[in-house]
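*Asks:* Let me begin by handing over the structure; questions about it come next.
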């Protein structure tokens, strides 16, 4: 035997020894893990699906009975090898049902929830009768369980209140929402916090900047109320409901002024921004698309920036909530084969593309 062949054989022996040690370490780890799992499971029985039994049976055959016994598997080696024999013999595994009654089909569950949501006064028997009209027989106990699992109250309690979504749809055109957000503006005194009050018409998504101030006290809010109710251009002139949060800036005098004018002020629960989602979404838009890209220097610049964004928002920005259309659609201009031009605002921060006359 040459020296090179002997060296190669020696290296192979070293590698084989290292590989055997690695496999032994893996087996020892799996044995320890299985012992811990068995101790945690206790007397509880694990029910495997057909696919899982087939997979375990194939792996068990390759390992062998002796090694399986050393690993301390969750399933006994005899059971694993029996599964393998059944698999080889092409026997069909019988699907085992879980304990208890079979769960109601998802389509049936969705129908029960839909009926209860759309008809707040319907009780279990009324829903049961409506289901029977098209051949679906469901027990009252099943209906009760479905509604309880989905957090839907019984008919008397459910019928007393009106869901928020139903209220919005019923009063859509008479609804408006107000909110504040702040902007830090540079001045000769340094950074000064400015408060912006705005109102959103929920039906049209139109936004009105009501006012900008550094001190939103009661006197300023009363003046804002008079502006909002102005018969010529007040955004609340033809509205009947105003959604606001619990901010103390909406003082009692401000709310009373609106109430005297026939506007019901709906104060949302604390920490519920989702109930004023349209106002919150506009704040996100103006921050991300505009204010995050400019440094306002003075209140005049802040007013101009907000004015440009509101104009862009109404005339040039597509809204997914409006079918990806514009709040104020522009009349068709130019020719279909004319060049495309860009209309920039704020130096190109906001852009609108339109076809010009050829």
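Each reported figure results from applying straightforward, stated rules to the coordinates on display, with no laboratory input. The model shown is predicted, which means the values in this text are computed figures rather than measured ones. No Cβ is skipped: glycine too gets one built from the backbone with ideal geometry, and neighbour counts run over all protein chains shown.
*Asks:* Roughly how far apart, in whole Å, are the Cα centres of the stretch 298-312 and the stretch 197-268?
*Replies:* So the two Cα centres are separated by 20 Å.
*Asks:* Still on this structure, I have one more. Using the basic label-point model (7 angstrom from Cα toward the beta carbon), what is the residue 191 to residue 152 distance in nanometres?
*Replies:* 5.0 nm
*Asks:* Give, in nm to one decimal, the length gained when the segment between residue 182 and residue 317 is fully stretched (0.36 nm per residue of separation minus the Cα-Cα distance). Numbers along the way, then the final one.
*Replies:* Working: separation 135, 0.36 × 135 = 48.60 nm, distance 2.29 nm.
Residue separation times 0.36 nm, minus the Cα-Cα distance, leaves 46.3 nm.
*Asks:* Please figure out what share of the DSSP beta bridges in the stretch 170-322 is antiparallel and state it in percent, rounded to the nearest 5. Mind showing how you got there, number by number?
*Replies:* Numbers: 18 of 26 bridges.
Expressed as a percentage, antiparallel bridges in the stretch 170-322 total about 70.
*Asks:* Computed from the mean reciprocal separation of all distinct C-alpha pairs, what Kirkwood hydrodynamic radius does the stretch 106-161 have, in Å?
*Replies:* On the way: mean 1/r = 0.0908 Å⁻¹.
For the stretch 106-161, the Kirkwood estimate is 11.0 Å.
*Asks:* Once label points are set 7 Å from the Cα along Cα→Cβ at both residue 355 and residue 206, what is their separation, rounded to one decimal in nm?
*Replies:* 2.9 nm
*Asks:* On full extension of the chain, what length is gained from residue 174 through residue 232, given 0.36 nm per residue of separation minus the C-alpha to C-alpha distance? If you can, show how the numbers build up before the last one.
*Replies:* Numbers: separation 58, 0.36 × 58 = 20.88 nm, distance 1.72 nm.
Full-extension gain reported as 19.2 nm.
*Asks:* Considering the convex hull of the alpha carbon atoms of the stretch 170-322, report its projected area averaged over all viewing directions, in nm², one decimal. Walk me through the numbers on the way to the answer.
*Replies:* Details: hull surface 38.3 nm².
If you wrap the Cα atoms of the stretch 170-322 in a convex hull and average its projections, you get 9.6 nm².
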